[in-house]
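The values are calculated or read from the model by the stated rules, or taken from the named source; none is laboratory data. This one's a predicted model, so the numbers in the text were calculated from it and none came from an experiment. Here the Cβ positions follow ideal geometry from the backbone for every residue, glycine too, while neighbour counts run over all protein chains shown. Protein only, heavy atoms only, side chains kept; ligands, DNA and RNA dropped before computing areas. Shrake-Rupley method; radii C 1.70, N 1.55, O 1.52, S 1.80 Å.
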Amino acid sequence: MKYAFFIGCTMAYRLPFAEKSIRMVAPHFDIELVDLPFTCCPEPSGVRSFSDDTWLVFAARNIALAEEKGLDILTACAGCHESLSMAKHELDTKPERKSLANEHLSAVDLEYKGTSSVIHLHQVFHDKLGAEEISKKVETPVIMRVVTHSGCHLLRPEEILQVDSSEAPVKFDKLVEILGMEPLEYMDKTMCCGAGVRGQASDISFSILKEKLDSMAMVNPDAAVVFCPTCFISFESGQRIVNRMFGTEFKIPVYYYTELLAVAMGLPEVEEFLAGHRVKPDFPLVHKSAAEQQVQPENTTSQ
Amino acid sequence: MTDESQKRIEELREAAKPCFQCGICSSSCPVFRVAPEVNPRLAIDAVVSTGELTEEGNEWLCAYCLMCDQRCPMGVSLTDILIGLKNLSAAEGNAPFNITKAVESFFTIGVIAPGTTGVERKRNKLGLPEIPKPDPEQIKILFEGTGGLEILEKNLAKESLAE
Ligand code: SF4
Ligand code: SF4
């Protein structure tokens with residue numbers, strides 16, 4: 001599988017270690033990642049809130065770059081995924097929007113055709129590779145009780161994104177289960193992390209985050225697992241701010257899915273990206289080093 | 001308000017019309033949950049009944065989580081309407097400062113959250129590839145052509161007046 005890799009600003013510039021984990025695991029699943037000169041998706045709360053047309057045309061430009069190479073777009077961020085998918089949906093279903101986009105794009109010698117699709121890593125792992133392919137690569141199961149957070153922009157609008165059920169998502173839970181974790185059901189599983197208003201109204205934003213963290217903490221998880229760098233930052237850096245604001249004591253380690261996948265696969269150098277985490281677990285995440293693994297008798301095959 | 005804006009408001013009004021004020025949107029809204037003064041049901045009501053923008057600034061407090069949109073039994077696309085309202089507000093130069101700054105960054109380098117200065121070094125250390133940069137000239141042409149620049153300048157001008 002070869003994709004135009006849409007890293008997204010947040011992951012590239014604020015969470016490079018999570019990007020590292022994606023690039024680490026990709027070749028093991030025969031995924032080739034091609035980097036192109038994309039702009040920001042663009043992000044709906046910023047550019048789209050300013051001008052719907054500007055948003056549409058820049059999204060069309062990004063997709064057109066991938067089309068030129070004959071590649072589908074692979075997203076790693078829920079926000080980018082929603083933005084590009086929504087734009088694509090508009091471009092493909094509303095001829096007048098498509099011609100508007102192409103009028104503008106012709107000025108920079110590009111054309112939106114509609115030939116490339118947009119797919120998120122979550123979908124690649126769950127829908128394309130599936131449990132069987134992933135479990136083949138698991139060497140050292142990661143034993144943890146976790147809460148998953150798929151993220152607003154992977155779940156809604158469900159009819160267009162079609163990643164999982166927007167009210168009762170289960171696919172992400174399956175994905176962590178394959179790696180050996182126990183996914184925990186919790187009350188506000190589909191609730192927002194509050195990131196969307198952080199800049200305009202941090203008090204509201206962190207109050208939302210507190211509600212979400214309360215709901216997670218109720219089931220006492222060892223960690224939270226996400227598929228979006230923005231949600232990651234909300235939960236990880238955000239919980240320290242919530243603790244300051246509300247006198248709470250949240251200490252929930254947060255992981256991007258492929259980080260835990262890399263750990264489960266027993267890949268070397270996982271410490272490199274785990275070191276970037278600010279909330280560390282109380283227990284060793286990597287239970288045995290790769291070297292120790294080798295001298296031990298085979299004991300991971302039976303299930 | 002320009003004719004264009006007037007026309008846009010009429011469109012938003014049409015889109016909001018099926019609303020029968022059930023309140024499912026508000027009870028699903030994470031912002032409403034912690035700040036009940038922000039109420040999507042009332043925002044839609046205001047659009048339908050007066051065709052006016054809701055109480056100043058409220059549309060900018062939407063977290064764009066799409067929960068209301070997903071759950072509305074009448075299929076009202078609240079997020080489209082809220083984005084429409086934001087567009088109108090931005091066209092008047094009333095966007096919040098942080099949003100204006102983010103859009104300015106997008107216009108200059110095509111990226112909204114460039115992060116800290118040390119990030120290139122961090123990427124290097126992790127052995128990550130350099131990110132191909134979009135052509136600034138292309139960004140300029142498309143940004144200007146779609147009207148983004150005019151709106152940005154208006155908001156920047158308001159900012160500097162306020163200072
Ligand atoms: S959920 Fe839909 S119908 Fe109900 S109040 Fe909100 S917009 Fe109106
Ligand atoms: S999209 Fe906005 S208005 Fe709708 S539920 Fe989410 S935060 Fe509330």
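Quick grid of which residues meet (1) within 13 Å of another protein chain (Cβ to nearest Cβ); (2) aliphatic (A, V, I, L, M); (3) more than 16 Å from ligand 1 (Cβ to nearest atom):
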{"residue": "A:K189", "(1), (2), (3)": "yes, no, yes"}
{"residue": "A:G196", "(1), (2), (3)": "yes, no, yes"}
{"residue": "A:S202", "(1), (2), (3)": "yes, no, yes"}
{"residue": "A:F206", "(1), (2), (3)": "yes, no, yes"}
{"residue": "A:K210", "(1), (2), (3)": "yes, no, yes"}
{"residue": "A:L213", "(1), (2), (3)": "yes, yes, yes"}
{"residue": "A:A217", "(1), (2), (3)": "no, yes, yes"}
{"residue": "A:N220", "(1), (2), (3)": "no, no, yes"}
{"residue": "A:V225", "(1), (2), (3)": "no, yes, yes"}
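The residues listed here are A:F38, A:F58, A:F50, A:F6; of these, the one that is more than 7 Å from chain B (Cβ to nearest Cβ) and surrounded by 24 or more Cβ atoms within 10 Å (Cβ to Cβ) is A:F6. Highlighted here are the helices (runs of 4 or more DSSP H) found entirely within segment B:1-105 that include at least 2 residues which are open to solvent by 10 Å² or more (accessible area, probe 1.4 Å) and of a type in the set (A, V, I, L, M): B:3-16, B:40-50, B:78-91.
Scanning segment A:48-68 for residues that are farther than 21 Å from B:P132 by Cα and touching a Phe, Trp or Tyr at 6+ places or on another chain (Cβ under 6 Å) yields a single hit, A:R48.
Here B:N155 meets the list (1) in the same structural domain as B:V38 (by TED's automatic domain parsing); (2) in contact (Cβ under 8 Å) with a residue 60 or more places away in the chain almost entirely, failing just condition (1). Identification of helices (runs of 4 or more DSSP H) wholly contained in segment A:227-289 with 1 or more residues that are among the small types (G, A, S) yields A:229-246, A:257-264. Applying the set (1) within 10 Å of chain A (Cβ to nearest Cβ); (2) open to solvent by 70 Å² or more (accessible area, probe 1.4 Å) to B:L161 leaves exactly one unmet item: (1). In the set (1) modelled with pLDDT of 90 or more; (2) over 20 Å from A:S83 (Cβ atoms); (3) more than 15 Å from ligand 1 (Cβ to nearest atom), the condition left unmet by B:E55 is number (1). Per the conditions (1) within 9 Å of ligand 1 (Cβ to nearest atom); (2) within 12 Å of chain A (Cβ to nearest Cβ); (3) under 28 Å from B:E159 (Cα atoms), the sole criterion not satisfied by B:C68 is (3). Against the condition assigned to a helix (DSSP H, G or I) and among the hydrophobic types (A, V, I, L, M, F, W, C), how does A:I119 come out, does it pass? Answer is no for this residue.
Remark: A:K88 falls outside the filter, which requires a residue to be assigned to a loop (DSSP other than H, G, I, E, B), more than 9 Å from chain B (Cβ to nearest Cβ), touching a residue at least 24 places away in the same chain (Cβ under 8 Å) and more than 14 Å from the chain's Cα centre (by Cα).
Within segment B:92-129, restricting attention to residues that are under 25 Å from A:N62 (Cα atoms), of a type in the set (A, V, I, L, M) and touching a residue at least 12 places away in the same chain (Cβ under 8 Å), the residue that is nearest to ligand 2 (Cβ to nearest atom) is B:I99. Taking segment B:106-129 as the range and being closer than 27 Å to B:G147 by Cα, at the interface with chain A (Cβ under 8 Å from one of its Cβ atoms) and part of a helix (DSSP H, G or I) as the test, only B:F106 passes.
A single entry from A:S150, A:S99 fulfils the requirement of being of a type in the set (G, A, S) and not assigned by TED's automatic domain parsing to the domain that holds A:R61: A:S150.
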